[in-house]
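Below you'll find the structure, written out as C-alpha cells, and then a few comments.
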Amino acid sequence: MLPQSLFSAGSNAKGQLATGDCEDAHTWTPSVFDGHYPGALPSHQHRITNIACGANHTLALLDSGGGGLELWGAGDGSKGQLGPSYMADARDGDSTAIFRQLDLRQDEHGLQGYTPRLSAAGWETSYIVLSSPGRSDAFISMGANDHGNLGVGDIKGKGVARPYYVVDLYGGLPPVITQQTISESLHISALHTGPQHVVVAVDILLHGGGSRSFILGWGAARHGQLGDHSGSGRPPLFYSTPRIVITKSMSELSPTSSIALGNQHTVILRQDGRICGVGSDRKNQLTSLETLEGVSSIGCTWNGTYVVKGEDTDGSFQLLGAGSNNKGQLGRPTPAAKSTLGPVQFPFSGRCRPVKLACGSEHVLCLVDFPDGRASEVWGWGWNEHGNLAVGSTEDLSTPRRLWPPDPVDVCASRAVDIWAGCGTSWIVVEQDAT
C-alpha cells in the first residue's frame with residue numbers, strides 16, 4: 001500500500017487539528033501522531049478509517065491491516081470525551097495538540113477481547129462501538145451529558161463519575177423483540193451524531209432464525225429530530241436513554257442505507273433510494289426531500305441537507321443541497337434566503353463522480369473522480385471563518401473551489417483518497433504517487 005499522510009485545516013483553539021499548536025490553520029497543515037513526523041501515520045498503520053470531530057476534540061480510527069483498529073485522540077478532553085488515559089497524559093504535561101493513542105482499559109470494565117470498530121463525536125461527547133468475534137457489540141459513551149448525550153439516564157448525584165459508560169441498547173427495543181433475541185446477539189451497523197443527539201442502526205438476530213433492524217437514538221429531541229414519542233405532538237427537550245426513532249413513513253421503510261444528522265434534524269436514506277427526514281425544517285432543510293428518487297448518498301451540515309442523485313443515462317451525477325445558505329453552504333451564488341432544494345454549481349462541465357461527501361458544521365467538502373483519467377480532486381464551499389477551507393483566507397465561499405490538489409499543482413505528487421469535515425475543521429488523506 002502506498003504511503004499516506006493526514007492534513008487538516010481550520011479551527012484549532014484546543015489543538016484538535018493535532019498540528020502541534022493551538023493556532024487556526026488556514027492552509028492544509030500536516031497532523032502529528034505521537035512519536036512520528038508531521039503528516040505521517042504511525043509506521044505500523046496502513047490507513048485511517050474515520051475522523052470524528054467534536055467542538056474542540058478529534059477521534060481518529062487507524063487500521064493496521066491485521067484486522068484490529070486503534071483509537072487516537074487530540075484536543076480538549078476536559079469533559080472526559082477522550083477517555084481516562086488521555087487526561088492522565090495531559091496532567092503529566094504532555095501536549096494535547098497531537099494525536100495520542102487512547103487506552104480505554106476495557107479489561108477493567110468487563111470488555112476483555114473487544115476492540116474499537118466505529119467512532120463518532122458530539123459537541124463534548126464521544127461514542128465508540130467495540131466488537132469481539134462471536135459476541136454482541138458493545139456501545140460506550142464518554143464526556144458531557146448536558147442533553148442526555150451519554151445515553152445512560154441522569155447520572156448526577158449517582159456516585160463517582162465513570163471514565164465511560166456502556167449504553168444499554170436493548171432497553172430501547174420493543175419488549176417482544178428483546179424476548180426473541182438469542183444469545184444477546186446485537187450488531188451495530190451504523191453510528192452517526194449531531195452536536196447534541198446520536199443515532200445508531202442495530203441488527204438483532206431472532207430466536208428461530210431471521211433478524212430485525214432498528215434505528216435507535218437519544219440526546220436532544222425538542223425539534224423532533226428523534227421523532228415524536230410523546231403522543232402530544234410536542235417532543236421533550238431530550239431523551240437520556242435509547243429509543244426507536246419514529247418517522248412519518250416508518251411503516252414503509254425499506255432497509256436503511258445511511259443516516260445523516262444536523263443540529264436539529266435527522267435524515268435517513270433507504271436502500272430503495274428514497275429519503276425520509278424528521279426534525280426542524282425551519283431552514284427548509286427537509287423540504288422536498290421525500291419526493292426524490294435514486295439517491296445514492298446523503299450528508300448534513302447543522303442546518304442543511306445534501307444528496308447525491310445516482311448515475312443518469314449519460315453517466316453524470318447530481319449533488320443537491322437545501323437549507324441555510326447565509327454562508328454560501330449550498331454552493332450556488334443565490335441570495336441567502338434561497339434555501340430550497342437545488343443543485344450545487346461546480347465551475348466545470350462534463351461528467352464527474354462524487355466519491356464522498358463530507359459535511360461540517362456549515363461547510364462542505366466533496367471528493368470527485370473524473371472519467372477522463374484526471375486524478376481525484378477535493379472541492380469545498382461554505383463557511384470559512386477559521387480558514388477551514390484551506391485556501392489561505394477566512395472569506396466564505398458561495399461556490400465550490402478546488403482545495404486539492406493545491407495551486408500550483410506540481411508542489412506535491414500525491415492524490416486525495418479520503419476526506420472528513422467537522423466543527424469548522426477539514427481533513428484530507430493523501431497518498432503518494434507511485435511515479
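The values are calculated or read from the model by the stated rules, or taken from the named source; none is laboratory data. Everything quoted here is computed from the prediction, not taken from an experiment. Note that we place each Cβ from the backbone using ideal geometry, even for glycine, and neighbour counts take in every protein chain shown.
How about the range 96-105: which of its residues are free of Cβ contacts under 8 Å to residues at least 60 places away in the same chain and more than 22 Å from ALA144 (Cβ to Cβ)?
none
Considering the range 254-274 alone, what residues qualify as being touching an Asp or Glu at 6+ places or on another chain (Cβ under 6 Å) and either touching a residue at least 24 places away in the same chain (Cβ under 8 Å) or within 22 Å of ALA55 (Cα to Cα) (or both)?
Result: GLY273, single match.
Of the residues that sit in the range 170-186 and are assigned to a strand (DSSP E or B) and not acidic (Asp, Glu), which one is modelled with the highest pLDDT?
Among those that are assigned to a strand (DSSP E or B) and not acidic (Asp, Glu), it is LEU186.
With the requirement that a residue be on the phi < 0 side of the Ramachandran plot and without any contact (Cβ under 8 Å) to a residue 12 or more places away in the chain, what does the range 353-376 give you?
ARG374
Looking at (1) crowded, with 16+ Cβ neighbours inside 10 Å; (2) within 30 Å of SER131 (Cβ to Cβ), find the lone condition where ALA88 falls short.
(1)
What is the number of the single condition among (1) crowded, with 20+ Cβ neighbours inside 10 Å; (2) within 22 Å of LEU216 (Cβ to Cβ) that ILE98 does not meet?
ILE98 satisfies all of (1) crowded, with 20+ Cβ neighbours inside 10 Å; (2) within 22 Å of LEU216 (Cβ to Cβ) except (2).
Take the residues of the range 344-389 that are within 21 Å of LEU261 (Cβ to Cβ) and of a type in the set (Gly, Ala, Ser): which is surrounded by the most Cβ atoms within 10 Å (Cβ to Cβ)?
Among those residues, the one meeting the criterion is GLY382.
Can you pull out the residues in the range 1-36 that are assigned to a loop (DSSP other than H, G, I, E, B), within 22 Å of THR49 (Cα to Cα) and without any contact (Cβ under 8 Å) to a residue 60 or more places away in the chain?
GLY35, HIS36
For a quick check of your reading of the model, give me the residue pairs whose first member lies in the range 116-128 and is at negative phi and buried (at least 22 other Cβ atoms within 10 Å of the Cβ), whose second is of a type in the set (Lys, Arg) and in a loop (DSSP other than H, G, I, E, B), with beta-carbon atoms closer than 9 Å and at least 6 apart or on different chains.
Once the first residue is at negative phi and buried (at least 22 other Cβ atoms within 10 Å of the Cβ) and sits in the range 116-128, its partners that are of a type in the set (Lys, Arg) and in a loop (DSSP other than H, G, I, E, B) give GLU124/LYS79; THR125/LYS79.
Please indicate, with yes or no, whether at least one residue in the range 408-419 is exposed (fewer than 15 other Cβ atoms within 10 Å of the Cβ), small (Gly, Ala, Ser) and modelled with pLDDT under 95.
yes
Hey, VAL430 hits all of (1) assigned to a strand (DSSP E or B); (2) within 26 Å of ASN263 (Cα to Cα) but one; which does it fall short on?
That leaves (2) as the condition not met.
Considering only the range 315-328, state which residues are small (Gly, Ala, Ser) and in a loop (DSSP other than H, G, I, E, B).
Across the range 315-328, the qualifying residues are GLY315, SER316, SER324, GLY328.
Restricting to the range 329-367, count the residues that are within 19 Å of the chain's Cα centre (by Cα) and part of a strand (DSSP E or B).
Final tally of qualifying residues: 11.
Kindly list the number of the only condition in (1) crowded, with 16+ Cβ neighbours inside 10 Å; (2) modelled with pLDDT under 95; (3) touching a Leu at 6+ places or on another chain (Cβ under 7 Å) that fails for ARG212.
Unmet for ARG212, out of (1) crowded, with 16+ Cβ neighbours inside 10 Å; (2) modelled with pLDDT under 95; (3) touching a Leu at 6+ places or on another chain (Cβ under 7 Å): (1).
In the range 12-51, how many residues are charged (D, E, K, R) and within 18 Å of ASP63 (Cβ to Cβ)?
Of the residues in that region, 2 qualify.
For SER78, are the conditions met, namely being among the polar types (S, T, N, Q) and surrounded by fewer than 20 Cβ atoms within 10 Å (Cβ to Cβ)?
Against the criterion (among the polar types (S, T, N, Q) and surrounded by fewer than 20 Cβ atoms within 10 Å (Cβ to Cβ)), SER78 qualifies.
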